[in-house]
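Student: Quick one: this structure, given as structure tokens, is what I'll be asking you about.
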Amino acid sequence: MAALAAAVLPAGAASQVVIYRCTDASGALTVQNDVPCPAGSRQERTVVEPPPPMPAYVPQAVQDIAPPTPAAAAPGAAERLQAPPPAALAPADRLPPPPIYRCHTPGNGRYIHEASDPQPRCVPLRTVGIDGDPGLGAGAACEWQHDRCERIPDEEACEGWRQRGREIESTWRYARGDARAPLQQEFARVSTILSDTTCGLSGSH
């Protein structure tokens, strides 16, 4: 759905995100970033600030604590077996994150995406009537635009995934109604990728 469209960040101005709420003629609602609503839709535009960067993982110091002396079992009491706690994922078992891409729009915008060839976007064109008056005889048209994407180097992939998470979180927190739940699930999925791969290790880029 269009609500999951990648957040487009204008070059050199990554501190702002523009949220567009679009309602088409059938009443269907979509939410998208930095891409105006298609012609014929009712549009609500909101300029918001993204949340602060996700804090870097800081390992906690492990202190050696002597285990407590078990209390003597009461006479005749049945022994209770306790399952050992689940072992944490060892650093050697962690895999690198999936590939991620930095995409550029024809209008010099940029965003992070998980696909190397995202779906083209229909950008509305402004048309006018025969006499030049946009209010008389104006038509509706759009131009299909294809974004250019390049794979982020492996050594920078973790930072790319963190930026992807920030973009999704920014859109999710300012979305309304039914658009919130899918974005929240997508943010949770990206957070899991960051925590379960080598991105969750101290010193990862």
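Student: So is Pro96 modelled with pLDDT of 55 or more, surrounded by 11 or more Cβ atoms within 10 Å (Cβ to Cβ) and under 30 Å from Arg42 (Cβ atoms) or not?
Tutor: Working: modelled with pLDDT of 55 or more: yes; surrounded by 11 or more Cβ atoms within 10 Å (Cβ to Cβ): yes; under 30 Å from Arg42 (Cβ atoms): no.
Taking the combined requirement at face value, the residue does not satisfy it.
Student: Return the pairs, sorted by first residue and then second, in which the second residue is in a helix (DSSP H, G or I), the first residue lies in region 178-191 and is among the aliphatic types (A, V, I, L, M), the beta carbons are less than 6 Å apart, and the residues are 6+ apart or on different chains.
Tutor: Listed pairs, sorted by first residue: Ala179/Ala3; Leu183/Thr171; Leu183/Trp172; Val190/Arg164; Val190/Gly165.
Student: Identify the single condition in (1) modelled with pLDDT under 90; (2) over 23 Å from Gln43 (Cβ atoms); (3) surrounded by 15 or more Cβ atoms within 10 Å (Cβ to Cβ) that Pro118 does not satisfy, given that it satisfies every other one.
Tutor: For Pro118, the exception is condition (2).
Student: Kindly check whether there is at least one residue in region 179-186 that is closer than 23 Å to Leu95 by Cα and assigned to a helix (DSSP H, G or I).
Tutor: yes
Student: Same structure, new question: Sort out which residues of region 149-168 are among the acidic types (Asp, Glu) and more than 14 Å from Tyr111 (Cβ to Cβ), and write them in order of number.
Tutor: Asp154, Glu155, Glu156, Glu159
Student: If I go through region 164-177 residue by residue, how many of them are within 16 Å of Pro97 (Cα to Cα) and crowded, with 22+ Cβ neighbours inside 10 Å?
Tutor: Looking only at that region, the number is 1.
Student: Still on this model: For Trp144, indicate whether it is surrounded by fewer than 11 Cβ atoms within 10 Å (Cβ to Cβ), among the aromatic types (Phe, Trp, Tyr), at pLDDT below 95 and within 21 Å of His113 (Cβ to Cβ).
Tutor: Answer is yes for this residue.
The values are calculated or read from the model by the stated rules, or taken from the named source; none is laboratory data. The shown structure was predicted, so the numbers you read here are calculated from the model rather than taken from an experiment. We place every Cβ from the backbone using ideal geometry, glycine too, and count neighbours over all the protein chains shown.
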